[in-house]
Amino acid sequence: MTLTGYSLIAGAHVAGPNGSTFGTNPATNETLEPPYTLINDEQLKSATEAATDAFESFSTLEPERHARFLETIAENIEAIGEELIVRASTETGLGVERLRGERARTIGQLRLFADVVRKGDFLGVRVDPALPDRAPLPRADIRLRQIPLGPVAVFGASNFPLAFSVAGGDTASALAAGCPVIVKAHNAHPGTAELVGQAVAKAVRDLDLHPGVFSLVYGSGSSIGQALVADPAIKAVGFTGSRAGGTALMRTAAARLEPIPVYAEMSSINPVYVLPGALTGDVEALAGQYVTSVTGSSGQLCTSPGLVFVPVGEAGDRFADAVARSISGNAGQTMLTQDIAASWEQGFNSVRAVADVDLIGRGQAGPTANAPAPAVFGSNLDVFANNHVLHEEIFGAASLIVRYKNVEDLIDATSKLEGQLTASLHVTGEDYAAAAALIPVLERKVGRVIINGWPTGVEVGHAMVHGGPSPATSDSRTTSVGTLAIDRFLRPVSYQNFPEELLPAPLRDANPWKVNRLVDGHAEIHQD
């Protein structure tokens, strides 16, 4: 594909007049061609108006055509081939194997949502038939379905240039819900964004949909990004990024005449709890798994374990020593941008400056630019409890081991943590009583609890929750990964005493879309 350096607004390439930005190779800090021109407010308004125009036809698509649209996006992304992988690797420093896996995840979640659309369960259809003879009062015929909210703004994430960017989880779930999408491209990987954006726009043309179903815009986050969220046409926002960025968008959305939801995934240190029984096994292997989870993708994963609780005593000492040996053999990997690498260094120095925090082990700096040496710190529970800087996420390959005495100490420390995406427990049978006491506290703090595993690696499926209380996300009731992500972009509407001719298709007695329904409180399952 030819990279144009332009925004894609309702199917048209549009040059912006507000200057330009370039992609950069973070391994060398070299500028990449072409320059990407930045749009102005008037051009942004044309994108939101086109999305509004597209909403009526797109939100009422028959399921098979709707599902084919999502599958066609997946096919078009796949058809780009290695060009996409090479450009993404050059712009982000992420390895090609990691990016091939991410592309597979991106394609897979689009196809998964196509299956969701065909089945129709996400519509949440409920039918309460009329009871005209009910005493003392009759019941009206009342039927319910979920409908799409309207045009959605999606902000591409820096650390997942495919799976959480232009056609990633937020876009896939919003399109599956029937919402047109306007993506604000992440300026750190503009070429990758355009390649995927062209694939989505081609799918819109392939299915002969309204061109306003999808737009991709380039601009400053502080101006175009804020203007996008403030635009009355936008009815919801999907965001993955920093706490500062997410909260800024939330303030803008809340200040609108019509406030809208911002589904922001922001900050998490993903605590891991190693209980005593887990240290009776292969401690070297456990330590190696921990270091692998910390250092994978240079630690630039929202589920990277930034905090590990380990018991005091000889067994805990053996674990810390094994971690030091393991991490010493790790070289730094290129981080996503020069600014992200500088932020990592700042976080590293802030933790190192805290009294009674030791540097347990450190690897070596990588051979490229922006590849700091990974590090693991150590301290005790009292120091951790009294220093808020130790509770803050360092985005990158750094983690803290905190030593504890008993499960009561763990429960008290956990109750004081901020909201997190995940918590992991490493246990054997002898630890079950302690784990059972800790789990209810964790349920109030996180969206996913893991037994004998590590938080990195998020399955895209029906039962996955990638969310949690603030600041992990802006709404702990939702997930940004898995099929439940579609619920963020829907709302319920009831239809009372409607004649059959006026009912939406999934609510009609004949059930022409053949969706599963709840009829008078009983499941009505459609069999193919």
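The values are calculated or read from the model by the stated rules, or taken from the named source; none is laboratory data. Because the structure is a prediction, the values reported are computed rather than measured. Here the Cβ positions follow ideal geometry from the backbone for every residue, glycine too, while neighbour counts run over all protein chains shown. With ligands, DNA and RNA removed, areas are computed over all heavy atoms of the protein, side chains included. Shrake-Rupley method; radii C 1.70, N 1.55, O 1.52, S 1.80 Å.
Points to keep in mind about this one:
- Remark: the chain carries 40 Å² of accessible area per residue (probe radius 1.4 Å; ligands, DNA and RNA excluded).
- Spin-label model, Ile147/Glu443: points 7 Å from Cα along the beta carbon direction are separated by 3.6 nm.
- 26 Å Cα-Cα threshold exceeded, pairs from Lys405/Lys445; Lys184/Lys235; Lys119/Lys184; Lys45/Lys202: Lys119/Lys184
- Helix 283-295 vs. the chain, principal-axis angle (Cα, 0 to 90°, nearest 10): 50
- Dipole magnitude of the chain, debye to nearest 20 (Cβ charges: Lys/Arg +1, Asp/Glu -1, about Cα centre): 420
- Largest first, the residues Cys179, Cys302 sort by 1.4 Å accessible area into Cys302, Cys179.
- For Leu442, solvent-accessible area (1.4 Å; no DNA, RNA or ligand), Å²: 0
- Each part reduced to its alpha carbon centroid, the range 177-211 and the range 283-304 end up 33 Å apart.
- When only Cα pairs below 8 angstrom with a gap of at least 6 residues are kept, the range 261-320 shows a relative contact order of 53 percent.
- Portion, in percent, of the accessible area of the chain that falls on carbon or sulfur, probe 1.4 Å: 52
- Relative contact order of the chain, defined on C-alpha pairs under 8 angstrom at six or more residues apart (%): 17
- The range 460-519 and the range 25-71: distance between their alpha carbon centers, rounded to Å: 24
- Heavy atoms of Glu284 accessible to a 1.4 Å probe, total area in Å² rounded to 10: 100
- Accessible-area ranking of Lys45, Lys445, Lys184, largest first, probe 1.4 Å: Lys45, Lys445, Lys184
- Using alpha-carbon coordinates, inclination of helix 432-443 to the longest axis of the chain, degrees: 50
- Accessible surface ranking that places the most exposed of His13, His186, His391 first, with a 1.4 angstrom probe: His13, His186, His391
- Highest average packing first - 380-386, 142-148, Cβ atoms within 10 Å: 142-148, 380-386
- Ligands, DNA and RNA excluded, the heavy atoms of Ser379 present near 10 Å² of accessible surface to a 1.4 Å solvent probe.
- Relative to the longest principal axis of the Cα atoms of the chain, the long axis of helix 190-206 lies at roughly 20 degrees.
- Taking amide H as placed 1.01 Å from N in the peptide plane, Val272 has its amide H under 5 Å from the amide H of Leu307, Val308, Phe309, Ser424, each at least 5 places away in sequence or on another chain.
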